[in-house]
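Inspection log for the structure reproduced underneath, given as structure tokens.
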Amino acid sequence: MKHIAIIPGDGIGVEVTREAVKVLSRVQQVYGFSLQMTHFDWGAEKYLREGVTLPEGALEMLSEYDAIFAGAFGDPRVPDMKHAADILLGLRFGLDLYINLRPVKLLHEGLTPLKGRSRKDIDFVVFRENTEGMYVNSGGFFKKGTPDEIAIQEELNTRKGVERIIVAAFEYAVKNGRKRVTMVDKSNVLRYGHDLWQRTFAEVAKRYPAIEANTQYVDATAMWMVLKPEQFDVIVTNNMFGDIITDLGAALQGGLGMAASGNIHPGRVSLFEPVHGSAPKYAGKNVSNPMGAILTAAMMLEYIGYGEAAKAIEQAVVEALAQGSTTRDIGGRCSTSEVGDAICALLK
């Protein structure tokens with residue numbers, strides 16, 4: 001038996017998580033394994049009611065689980081989004097989840113905005129460094145609120161952090177039959193931190209002679225993702241650039257509602273969450289696309305050792321797309337729960 005922590009979060013996170021759990025319950029029946037899923041009420045409601053974001057001892061408790069599945073966080077009643085930052089960043093940094101893994105995989109040709117592109121043209125993964133870079137909150141203000149204000153935001157890159165995400169990208173390529181790893185940076189302008197990325201990438205690439213290694217500047221990558229997405233196999237990049245280009249990647253595959261994501265430390269408890277937001281204006285209306293959450297659940301199953309079941313879920317999503325069992329954002333007429341039901345019915 002595997003133990004899964006479920007944190008639905010806020011807004012539509014609750015609804016899409018419900019469908020993902022429904023699919024997980026179905027697939028374990030079909031494939032004969034057992035998941036014990038424990039729900040946690042962490043989110044805006046708890047924060048507003050009790051002032052609690054990530055409870056004391058939460059990291060130690062979650063470390064005993066096999067994986068964590070989260071929905072989405074964000075609520076207009078918490079304008080500074082403290083609860084979302086404390087929970088998500090608290091888990092990512094506290095559990096040292098240094099890999100943000102984002103598959104960019106087109107599951108139906110009608111979903112991409114790119115003309116004349118097939119499913120085989122859009123099939124790559126992005127390894128985004130998840131614990132360093134611009135998002136470590138290093139910096140400060142001087143004379144804040146005055147005409148002479150100075151704001152400093154610092155990017156942090158360590159040799160350890162850079163090397164381990166690059167190694168993870170190459171290891172993934174080897175294990176999954178990928179032929180090329182592309183490192184994305186801006187070393188022509190960011191001459192210190194990204195020089196470290198360039199040197200580290202060159203050194204790590206020598207350990208994997210069977211994998212083609214190349215580098216691109218991030219602006220060129222954004223262009224080529226649109227013009228020639230088939231050139232990409234595995235991309236590895238820093239925290240901020242990864243944040244940006246993976247949303248572009250989501251657009252290539254049908255939007256944020258189709259995008260899955262994992263925050264991973266190999267061999268440890270890891271966090272899986274779809275990448276869309278909590279979309280408060282759609283909450284409670286049963287209209288949001290649960291496919292990203294369901295595909296994220298498949299990623300989680302693969303991580304904890306149920307690869308066959310993970311592939312079955314992805315195939316069920318492909319079949320649901322083919323038969324039009326989708327929500328309105330991608331051209332269908334189904335509700336959130338109806339999409340979940342359709343995918344469950346296809347798991348036989």
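The values are calculated or read from the model by the stated rules, or taken from the named source; none is laboratory data. Quick caveat: nothing in here was measured; it's all calculated off a predicted structure. Glycine gets a Cβ as well: all are built from the backbone with ideal geometry, and neighbour counts include every protein chain shown.
Can you pull out every residue in segment 82-113 that is assigned to a loop (DSSP other than H, G, I, E, B) and surrounded by 18 or more Cβ atoms within 10 Å (Cβ to Cβ)?
Of everything in segment 82-113, those that are assigned to a loop (DSSP other than H, G, I, E, B) and surrounded by 18 or more Cβ atoms within 10 Å (Cβ to Cβ) turn out to be Leu95, Leu97, Tyr98, Leu106, Leu107, His108, Thr112.
Scan segment 148-199 residue by residue and report those that are hydroxyl-bearing (Ser, Thr, Tyr) and surrounded by 21 or more Cβ atoms within 10 Å (Cβ to Cβ).
Selection gives Thr182 alone.
If Gly262 satisfies every condition in (1) free of Cβ contacts under 8 Å to residues at least 60 places away in the same chain; (2) touching a Ser or Thr at 6+ places or on another chain (Cβ under 7 Å) but one, which is the exception?
Evaluating Gly262 over (1) free of Cβ contacts under 8 Å to residues at least 60 places away in the same chain; (2) touching a Ser or Thr at 6+ places or on another chain (Cβ under 7 Å) leaves (1) as the failure.
Being out of contact with any Gly (no Cβ under 8 Å at 6 or more places or on another chain) and assigned to a helix (DSSP H, G or I) is the filter here, so list the residues in segment 281-291 that pass it.
Answer for segment 281-291, where residues must be out of contact with any Gly (no Cβ under 8 Å at 6 or more places or on another chain) and assigned to a helix (DSSP H, G or I): just Lys281.
Filter segment 37-79 down to the residues that are assigned to a loop (DSSP other than H, G, I, E, B) and in contact (Cβ under 8 Å) with a residue 60 or more places away in the chain and list them by number.
Ser63, Glu64, Tyr65, Asp66, Phe73, Gly74, Asp75, Pro76 - these are the residues of segment 37-79 that are assigned to a loop (DSSP other than H, G, I, E, B) and in contact (Cβ under 8 Å) with a residue 60 or more places away in the chain.
Within segment 162-184, identify whether any single residue is on the phi > 0 side of the Ramachandran plot, modelled with pLDDT of 95 or more and not in a helix (DSSP H, G or I), and answer yes or no.
Yes, the conditions are met somewhere in segment 162-184.
Condition check ((1) farther than 27 Å from Tyr172 by Cβ; (2) modelled with pLDDT under 95) across all residues:
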{"position": "Gly13", "(1), (2)": "yes, no"}
{"position": "Phe33", "(1), (2)": "no, no"}
{"position": "Met81", "(1), (2)": "yes, yes"}
{"position": "Ile99", "(1), (2)": "no, no"}
{"position": "Lys105", "(1), (2)": "no, no"}
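Looking at segment 147-173, which of its residues are touching an Asp or Glu at 6+ places or on another chain (Cβ under 6 Å) and over 17 Å from Val236 (Cβ atoms)?
Leu156
Listed residues Asn137, Asn157, Asn100, Asn130; which is of a type in the set (S, T, N, Q) and assigned by TED's automatic domain parsing to the domain that holds Arg268?
After applying the criteria, what remains is Asn100.
Yes or no: segment 275-286 includes at least one residue that is at pLDDT 95 or above, surrounded by fewer than 24 Cβ atoms within 10 Å (Cβ to Cβ) and within 15 Å of Phe124 (Cβ to Cβ).
For segment 275-286, residues at pLDDT 95 or above, surrounded by fewer than 24 Cβ atoms within 10 Å (Cβ to Cβ) and within 15 Å of Phe124 (Cβ to Cβ): absent.
What is the residue count in segment 114-159 for residues that are touching a residue at least 40 places away in the same chain (Cβ under 8 Å), not in a strand (DSSP E or B) and not hydroxyl-bearing (Ser, Thr, Tyr)?
9
How many residues does segment 4-36 hold that are in contact (Cβ under 8 Å) with a residue 40 or more places away in the chain and among the small types (Gly, Ala, Ser)?
Within segment 4-36, residues that are in contact (Cβ under 8 Å) with a residue 40 or more places away in the chain and among the small types (Gly, Ala, Ser) number 5.
Does segment 290-302 contain at least one residue that is within 14 Å of the chain's Cα centre (by Cα), of a type in the set (Gly, Ala, Ser) and at positive phi?
The answer is no; no qualifying residue exists.
Looking at Arg18 and the list (1) closer than 23 Å to Ala320 by Cα; (2) buried (at least 20 other Cβ atoms within 10 Å of the Cβ), which single condition is not satisfied?
Of everything listed in (1) closer than 23 Å to Ala320 by Cα; (2) buried (at least 20 other Cβ atoms within 10 Å of the Cβ), Arg18 misses just condition (2).
Ile294: surrounded by 19 or more Cβ atoms within 10 Å (Cβ to Cβ) and either in the same structural domain as Arg77 (by TED's automatic domain parsing) or in a loop (DSSP other than H, G, I, E, B) (or both), yes or no?
yes
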